[in-house]
1. Which order results if Glu429, Glu335 are arranged by neighbouring Cβ count within 10 Å, fewest first?
2. Charges at C-beta only: +1 for Lys and Arg, -1 for Asp and Glu. How large is the resulting dipole of the chain about its Cα centre, in Debye rounded to 20?
3. Given H placed on each backbone N at 1.01 Å, which residues far from Leu70 in sequence or on other chains put an amide H within less than 5 Å of it?
4. Excluding Leu250 itself, calculate the net charge of residues whose Cβ lies under 11 Å from the Cβ of Leu250, where each Lys or Arg counts +1 and each Asp or Glu counts -1.
5. Okay, which of the range 346-378 sit inside 20 Å, backbone N to the point 7 Å along the Cα-Cβ direction of Asp431?
6. Long-range amide H contacts for Arg523: which residues qualify at under 5 Å (H placed 1.01 Å from N, peptide plane, sequence gap of 5 or more or a different chain)?
7. Pick out, from Ala264, Val281, Ser327, the residue whose Cα sits farthest towards the positive end of the charge dipole of the range 254-338, with +1 on the Cβ of Lys and Arg and -1 on the Cβ of Asp and Glu.
8. So if we plug the beta-carbon distance of Thr139 and Arg238 into 1/(1 + (r/R0)^6) with R0 = 41 Å, what FRET efficiency do we get, rounded to 0.05?
Amino acid sequence: MALLASLPSSPWVQSLVALGLLLLTKLVWDNFLSPLRSIPGPLLAKSTNVWRAYHTHQGCVDRKHVELHLRIGPNCVSISDPSLIRTIYSTRNPWKKSDMYRPNDVLIEGHRLSNLFNTQDDDWHDQNIRPIRSLWSMTKVLEYEPLIDETLNKFVAKLAAKFVDGANAGTICPADEWIGFFAWDVTANFSFGRHYGFIDQEKDVDNLITDSTDGLIYFAPVSQIPWVDNLLDKNPIRRIGPKPTLTGVLYAFKVVAEYQAQLASKTITAGTVDHTLDKYVQLKETHPDMVNDQQIVNWLMLSILAGGDTSSATMRAIVYYLSKSPSATAKLVAELKEATLATPAPWKSIRDLTYLDAVIREAMRINPGIAMIFERVVPEGGFTLPDGRYIPAGTKIGINPSVTNRDYEVFGDDADNFNPDRWLQGKNESDEHFESRSRRMKDTVDFVFGGGGRICMGRYLAVLEIKKLIATLYNLFDVSEYLETEKRRGANWYQIQLVDPKHEWTYRNAWFVYQYDMPMTIRRR
C-alpha cells in the first residue's frame with residue numbers, strides 16, 4: 001500500500017502497478033508455493049493455461065504431451081503411466097470430468113444443451129444412458145451389418161467407377177477425403193437408415209463435415225481455457241466463432257421430426273427397420289416419462305459427434321501405414337485370401353482374423369482417433385502418485401492416449417514405429433508371457449475409447465465398421481505372389497498405394513485427429 005501511495009496520482013499508473021504486483025504474486029505462487037510445485041513443466045505452463053491452449057490451437061499438442069507429460073497448466077497435470085488408467089477412469093466412484101468439456105454444449109435459442117459426452121453430472125449421465133446401454137452390445141450392434149454392407153457396396157462401386165475402371169483408371173484418389181465420406185455415410189445409414197449423400201454426390205453435403213471439423217478446431221483450444229467460451233460461442237449478445245455440434249444437432253432434430261411424421265402417417269411402422277433412430281423411438285413406449293424427441297436427439301448425438309470422425313481417423317491411419325509397410329500388407333492380404341471372403345467381408349468370417357486385428361490395433365495405437373487428455377478432477381482427499389508425489393483435490397489430471405500408446409515398457413523399444421507383428425506371439429514366447437503382454441497392450445490401447453463408466457458405447461460398432469472396410473478393400477488388393485493364382489480364378493484385384501511411397505501426410509489434432517493429403521492410386525488387375 002505504501003508503494004502505491006508513493007506513486008504518481010494517476011489512477012492508470014496505480015492500476016498498472018497493482019496489476020503488475022498481482023502477476024508477480026501469481027508467478028511466485030505458481031512456481032514456488034503451489035502444491036503442484038514438485039511437478040515439473042514449462043515455466044509459462046505453470047502460470048497460465050495460454051501455453052496449452054496455444055499448442056492445442058497449433059494442432060500438435062499430442063507431440064508436446066509425449067515430450068513432456070508433466071505439469072501443463074497452473075492446475076493441470078498430464079499423466080504418462082498406463083497403470084493409472086484404471087484408477088483415474090474408474091468405474092466405481094469415478095473421478096468427475098473437468099469443465100474442459102463444457103464448450104461442447106450447444107446453444108439453441110438461448111438455451112444451453114449438454115449431452116451424454118460432455119456432462120459433468122455422472123448421475124444424470126447414468127440415468128440418461130441406462131435405457132440405451134443394452135442396445136450397444138456386440139450382439140445388438142451386429143444387427144447393423146446389412147446397413148454397413150449397403151454403404152460398403154456403394155463405396156467400392158464408386159471407387160471403381162471414379163478411380164479404377166475405364167477412362168478413369170489410374171486417377172489419383174484423395175483417400176483421406178473418400179474415407180471420410182464413407183465413415184460419415186455409414187454412420188448416417190445405421191443411425192437414420194439413410195446416407196448423408198457424401199458418396200453419391202462426391203462432396204461434403206451441406207458442409208456437415210466442414211462444420212463439424214470447424215467446431216472441433218474451435219473446441220480443442222477453448223477447452224483448455226473453458227471460461228473463454230462464455231465470451232465467444234456462448235456470448236448472449238453476439239456469438240463469435242464456429243458453433244460446436246450445432247449443425248449436427250439441427251440435422252438430428254430434422255431427421256427425428258421427419259421420421260415421426262412418417263410414423264404418424266403410417267408410411268412406415270416402428271420396429272420394421274434396424275437403424276438406431278427406430279430403436280430409440282420404440283423406447284417411448286417403455287420409458288414414456290423420459291423419452292421425447294429432445295432425448296432421442298441427445299442419444300443420437302453420441303453417434304453424430306464421434307462416429308464419422310474417430311472411425312475415419314483410424315481407417316486413414318490403417319491405409320496410410322500399410323502403404324508404407326509392404327511386408328505388413330502382404331501378411332494381411334495372405335490372411336484375407338486364406339479366409340476366402342465374400343464381398344463385403346462378413347463379420348463372422350473376419351472377427352477372429354489375427355493379423356487383421358493386429359493391423360487395426362497397431363494403427364489405433366500409433367495414431368489414435370482422439371489425441372488429447374481426457375481431463376478428470378482429483379477427488380476429495382487428493383491422490384498420491386506411485387513415486388510419492390501428492391496431487392491435491394480439485395487438480396485437473398488426465399491421460400492422453402498418444403502418450404500411453406508409446407510407452408516403451410508396454411510396447412517395446414520400437415514403440416514409435418508401426419509394427420503389427422508386436423501383437424503376435426513370438427517364436428520362442430511362452431503362452432503365459434504372450435497372454436500377459438497382449439493383455440497389457442490391449443488394455444492400454446483400448447483407452448482410445450475412454451475408460452470407466454464414460455467409455456464410448458459405440459466402440460463395438462466402430463470395430464465392426466473398421467474391420468469390414470479394411471477386410472473388404474484389402475481382400476481386393478494385389479500382391480505379386482498371389483497375382484497369377486488369382487488371375488486363373490478370374491478374381492478382381494485392387495492395388496492401393498500412395499503415389500509416392502515416401503510422401504508424408506499432414507494431420508491436425510483438434511480433439512479428434514484429422515489427417516490430410518493422402519494421394520493414392522487404386523488399380524484393378
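What follows draws every value from the coordinates through simple rules; no lab data is involved. Everything quoted here is computed from the prediction, not taken from an experiment. Here the Cβ is made from the backbone with ideal geometry for all residues, glycine too, and neighbour counts use every protein chain on show.
1. Values: Glu429 13, Glu335 20.
Ranking Glu429, Glu335 by Cβ neighbours within 10 Å, fewest first, gives Glu429, Glu335.
2. Numbers: 59 positive and 62 negative charges, 106 e Å.
Here the chain has a charge dipole of around 520 debye.
3. Ser78
4. Working: positive: Lys243, Lys254; negative: Asp206, Asp211.
Charge balance in the 11 Å sphere: 0.
5. Hits in the range 346-378 for Asp431 at 20 Å: 352-355.
6. Hits under the 5 Å cutoff: Gln495, Ile496.
7. Highest projection toward the positive end goes to Ser327.
8. On the way: r = 49 Å, r/R0 = 1.20.
Efficiency computed from Cβ-Cβ geometry: 0.25.
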